[in-house]
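Engineer: Below is the structure I would like to discuss, written out as structure tokens.
The values are calculated or read from the model by the stated rules, or taken from the named source; none is laboratory data. As the structure is a computational prediction, the values presented were derived from the model and not from experiment. Cβ coordinates were reconstructed from backbone atoms using ideal geometry, including for glycine residues, and neighbour counts include every protein chain displayed. Areas reflect the complete protein model, heavy atoms only, side chains present, ligands, DNA and RNA absent. Shrake-Rupley method; radii C 1.70, N 1.55, O 1.52, S 1.80 Å.
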Amino acid sequence: MSGTSLDGIDAVLAVARGKQLRLVKNVHRAYPARLRSRLLALQQTGDDELRRSTVLANELSDLYAGAVRRLLSRAGIAPRDVSAIGCHGQTVRHRPFEGYTLQLVNGARLAERSGITVVCDFRNRDIAAGGEGAPLVPAFHRALFASARRSRAIVNIGGIANVTSLPARGAVTGFDCGPGNCLLDAWAWEKRRLRYDARGAWAASGRVIPRLLAKLLAHPFFRRRPPKSTGRDEFNLQWVKRALSGSEPAADVQATLLELTALTIVRALRTHAARSREAYVCGGGARNRALLSRLAELLPGKRVATTAALGVEPEHVEALAFAWLARQALRREPGNLPAVTGARGPRVLGAIYPA
């Protein structure tokens, strides 16, 4: 998995047991700085995009293959013993309202380099069926975290944040609710040349700017009703800069961006997961102590914890989700939830490249 945060590759080796997945090993490989900057540049329209995106897809596929080799070496597992690689690829554009989404990966190259069957391109089938193509993780959240006794919510805070409502009875719902880490990371890099704000310490040192927060909350995405999804196409550093006067203290801007993430998550939970008495956080944002503390403050009466309390470390959940989606594809079973994405019906997701 390599998500909207653009921090690197999270790879997990999982064993299927019925509907469940058990984590065996994991590795993380950070993106080289130059690769990350080239990927960020592709988020916006520019020159020679076809060549740049194709070259980057090949480079990424080689990095994915390297991560797989390292993972299997650590586990003492041969490629022939692995059923498939579920590879999300790197999102550079997400425009379901125009009928497409683009995740960079060369599935054929990855299959050739790894010697393992590859399943990728999970989102476009859902979009072809009239859906948003995202989020796809709620189906996995249901399989892994649903309880027949407790209504709970899963909050995935990657570059973009999304929520999944898992009622004890009734339909599972979920949607993207707004920026997660992407704006916090972008501002930390812009002002301090830090890839992320460790534990949210810098944000905690600032004060929320009410005027700026109001401007940011006025984005029309927040008024849209689900199903909905978003990405860096809508929420990026240029958008933040347009809302600034230029005189704001940098730490106060960071505090305001953290408040934006917290408020939009909490509003989504209050509106669409009101019955949930528990909220479990996964993704990189689970390591932001200031953000988790703010969520707990804004959600009195609810338990706020990370998915570690449910037995899965928060940084592993999304990678496990795409392993699960790959298994669904191999079994010709649906991977989407139409109530989440708005697709016309359940669909088998993913393109398969045999080893």
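Engineer: Of all residues being open to solvent by 60 Å² or more (accessible area, probe 1.4 Å) and within 20 Å of residue 325 (Cα to Cα) in the range 1-22, which is modelled with the highest pLDDT? Just the residue, please.
Structural biologist: 22
Engineer: To continue, here is another question. Search the range 225-239 for residues that are more than 12 Å from residue 183 (Cα to Cα) and pair each with any residue that is assigned to a loop (DSSP other than H, G, I, E, B) when their beta-carbon atoms are under 6 Å apart and the residues are at least 6 apart or on different chains.
Structural biologist: Filtered contacts from the range 225-239: 227/132; 227/342; 229/132; 229/134.
Engineer: Taking the stated definitions as given, is residue 299 at pLDDT 95 or above and in contact with a Gly (Cβ under 8 Å, 6 or more places away or on another chain)?
Structural biologist: So residue 299 fails the test.
Engineer: Hey, another quick one. Can you name every residue in the range 261-290 that is of a type in the set (A, V, I, L, M, F, W, C) and either farther than 11 Å from residue 165 by Cα or in contact (Cβ under 8 Å) with a residue 24 or more places away in the chain (or both)?
Structural biologist: 262, 263, 265, 266, 268, 269, 273, 279, 281, 282, 286, 290
Engineer: Could you list all residues from the range 187-221 that are crowded, with 17+ Cβ neighbours inside 10 Å and either among the polar types (S, T, N, Q) or within 22 Å of the chain's Cα centre (by Cα) (or both)?
Structural biologist: Residues satisfying the conditions are 187, 188, 189, 195, 196, 197, 200, 203, 216, 219.
Engineer: How many residues does the range 187-196 hold that are assigned to a helix (DSSP H, G or I) and within 17 Å of residue 290 (Cβ to Cβ)?
Structural biologist: Residues in the range 187-196 being assigned to a helix (DSSP H, G or I) and within 17 Å of residue 290 (Cβ to Cβ): 4 in total.
Engineer: Here is a follow-up. Just name the residue that is least open to solvent (accessible area, probe 1.4 Å) out of those in the range 276-312 that are charged (D, E, K, R) and under 27 Å from residue 21 (Cα atoms).
Structural biologist: 278
Engineer: Of all the helices (runs of 4 or more DSSP H) wholly in the range 23-142, which have at least 2 residues that are open to solvent by less than 60 Å² (accessible area, probe 1.4 Å) and among the hydrophobic types (A, V, I, L, M, F, W, C)?
Structural biologist: Once the helices (runs of 4 or more DSSP H) in the range 23-142 are filtered for at least 2 residues that are open to solvent by less than 60 Å² (accessible area, probe 1.4 Å) and among the hydrophobic types (A, V, I, L, M, F, W, C), what remains is 33-41, 49-75, 107-114.
Engineer: Regarding the range 144-162, can at least one residue be identified that is crowded, with 20+ Cβ neighbours inside 10 Å, in a helix (DSSP H, G or I) and among the charged types (D, E, K, R)?
Structural biologist: Checked against the condition, which is being crowded, with 20+ Cβ neighbours inside 10 Å, in a helix (DSSP H, G or I) and among the charged types (D, E, K, R), the range 144-162 yields no hits at all.
Engineer: Among the residues of the range 167-186, write down those that are surrounded by 24 or more Cβ atoms within 10 Å (Cβ to Cβ), touching a residue at least 60 places away in the same chain (Cβ under 8 Å) and either touching a Gly at 6+ places or on another chain (Cβ under 9 Å) or assigned to a helix (DSSP H, G or I) (or both).
Structural biologist: Once the filter is applied, which keeps residues that are surrounded by 24 or more Cβ atoms within 10 Å (Cβ to Cβ), touching a residue at least 60 places away in the same chain (Cβ under 8 Å) and either touching a Gly at 6+ places or on another chain (Cβ under 9 Å) or assigned to a helix (DSSP H, G or I) (or both), the range 167-186 yields 179, 180, 181, 182, 183, 184.
Engineer: Right, another one. Answer with yes or no whether residue 221 is among the hydrophobic types (A, V, I, L, M, F, W, C) and in contact with a Pro (Cβ under 7 Å, 6 or more places away or on another chain).
Structural biologist: The answer is no for residue 221.
Engineer: How many residues are modelled with pLDDT under 95 and among the polar types (S, T, N, Q) when one looks only at the range 273-291?
Structural biologist: Qualifying residue count, the range 273-291: 0.
Engineer: Might you let me know whether the range 236-252 holds any residue that is open to solvent by less than 10 Å² (accessible area, probe 1.4 Å) and in contact with a Gly (Cβ under 9 Å, 6 or more places away or on another chain)?
Structural biologist: For the range 236-252, residues open to solvent by less than 10 Å² (accessible area, probe 1.4 Å) and in contact with a Gly (Cβ under 9 Å, 6 or more places away or on another chain): absent.
Engineer: So which pairs qualify, if the first residue must be in the range 312-330 and farther than 18 Å from residue 25 by Cα, the second must be aliphatic (A, V, I, L, M) and open to solvent by 10 Å² or more (accessible area, probe 1.4 Å), the Cβ gap must be under 6 Å, and the two must be at least 6 apart or on different chains?
Structural biologist: Listed pairs, sorted by first residue: 329/348; 330/84.
Engineer: Taking the range 197-241 only, how many residues are part of a loop (DSSP other than H, G, I, E, B), modelled with pLDDT of 95 or more and touching a Leu at 6+ places or on another chain (Cβ under 9 Å)?
Structural biologist: Matching residues across the range 197-241 total 5.
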